[in-house]
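Q: Please see the structure below; I have some questions.
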Amino acid sequence: MQHPLSHPKNPAIFLGIMLIYLLIFPVIAEAKRYATKAYCNDPDYECIKVRSGQSWQSLFKDPIERDIVMRLNRVNGNPWGGQTIVVPKDMSSKDHLDYAPFPRAVNPIGKNAVIVFPSELAWAAYDKHGHLVHWGPMSGGKDWCADTQEKCRTVNGMFEVYRKGGGGCKSRKFDGAPMPYCMFFKGGFALHGSNSVPGYHASHGCVRMYTKDAKWLNRHFVTLPKEGGTIVIVGDYY
């Protein structure tokens with residue numbers, strides 16, 4: 001059955017979708033495009049080259065600062081020797097929202113919304129009042145999946161989360177691949193946690209994010225339609 005949010009034949013729902021999209025769209029225009037080179041030219045940041053054998057833990061002893069830097073670099077795996085990473089010059093606020101590539105507030109839409117920006121390798125969570133409450137790195141579907149011989153990009157558009165799973169959620173299509181804290185928004189497309197958020201698009205179509213972020217969204221932010229519902233907006237890749 002087609003989800004009602006994607007059904008243009010229902011005028012009331014369709015107009016509601018368009019209103020929400022028009023209200024939330026400015027955040028896409030204001031999002032700071034992710035590029036290491038751009039950050040390196042920003043006076044508030046510096047770029048450093050990782051030496052062989054260094055890890056996030058050895059580079060940044062403070063766990064909060066480490067988390068901020070990893071989010072800025074859109075990864076959750078260890079850096080490699082020779083990699084250039086972006087580092088804020090001042091992390092005294094200890095608030096990862098201060099380093100978000102998104103505005104702190106947008107026009108409220110009356111519902112919680114998760115906005116996914118494949119072009120920025122990042123997602124943002126805005127509450128029903130339009131306040132940014134969380135953000136993090138993401139990895140979407142690849143342009144082409146060799147194993148399935150098909151295009152894999154994450155579907156774009158506006159949807160609503162219709163099913164959630166817990167920490168043991170697994171893929172039914174890809175040999176039980178782990179999808180912890182899955183949140184399905186269209187067919188088999190879901191937001192879910194992953195230990196592989198590599199700084200580029202690498203999935204079969206789902207939106208990978210830090211597992212701790214998926215857990216927070218799943219338990220404390222995303223609701224199903226009968227509980228009010230959470231909107232998911234997926235933007236373009238470029």
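Bear in mind that the values in this text are calculations on the coordinates, not laboratory data. Just so it is clear, the structure is predicted and the values come from calculations on it, not from any experiment. As a convention, Cβ positions derive from the backbone with ideal geometry for all residues, glycine included, and neighbour counts pool all protein chains shown.
Q: If you place +1 on the Cβ of every Lys and Arg, -1 on the Cβ of every Asp and Glu, and leave all else neutral, what size is the dipole of the range 30-94 about its Cα centre, to the nearest 20 Debye?
A: Numbers: 11 positive and 8 negative charges, 48 e Å.
About 220 debye.
Q: Give me the percent of Cα-Cα pairs in the range 30-94 that sit more than 19 Å apart, rounded to a whole number. Mind dumping the intermediate values first?
A: Values: 566 of 2080 pairs.
Above the 19 Å cut-off, the range 30-94 has 27 percent of its Cα pairs.
Q: If we count other beta carbons within 10 Å of each Cβ, what is the order of Arg219, Arg66, fewest first? Each step should come with its number before you reach the end.
A: Numbers: Arg219 11, Arg66 17.
With the sparsest Cβ surroundings first, the list reads Arg219, Arg66.
Q: Tell me which lysines have Cα within less than 30 Å of Lys61's Cα, excluding those fewer than 8 residues away on the same chain?
A: Lys32, Lys37, Lys49, Lys89, Lys94, Lys212, Lys215
Q: For the range 82-188, compute the orientation-averaged projected area of the C-alpha convex hull (one quarter of its surface), in nm². Intermediate results must be reported in sequence, preceding the final value.
A: Details: hull surface 39.3 nm².
Result: a mean projected hull area of 9.8 nm².
Q: How do Cys145, Cys40, Cys206 rank when sorted from fewest to most other Cβ atoms within 10 Å of their own Cβ? Walk me through the numbers on the way to the answer.
A: Working: Cys145 16, Cys40 13, Cys206 26.
Least to most surrounded, the residues fall as Cys40, Cys145, Cys206.
Q: Just add up the charged neighbours of Trp144: K/R +1, D/E -1, any other residue whose Cβ is under 13 Å from the Cβ of Trp144. Could the numbers behind the result be given before it?
A: Details: positive: Lys142, Lys151, Arg153; negative: Asp143, Asp147, Glu150.
In short, 0.
Q: Then there is this: Can you check what the net charge comes to around Asn218, using other residues whose Cβ is under 12 Å from the Cβ of Asn218 (Lys, Arg +1; Asp, Glu -1)?
A: Working: positive: Arg163, Lys164, Lys212, Lys215, Arg219; negative: Asp213.
Every neighbour counted, the sum reads +4.
Q: In µm²/s, what is D for the chain at 4 °C and 1.567 mPa s, where D = kT/(6 pi eta Rh) by Stokes-Einstein and Rh is the Kirkwood radius from Cα pairs? All intermediate terms of the calculation are to be shown ahead of the outcome.
A: Working: Rh = 18.5 Å.
Estimated via Stokes-Einstein, D reaches 70 µm²/s.
Q: Same structure again: For the range 148-166 and the range 173-237, what is the separation of their Cα centres, given in Å?
A: 8 Å
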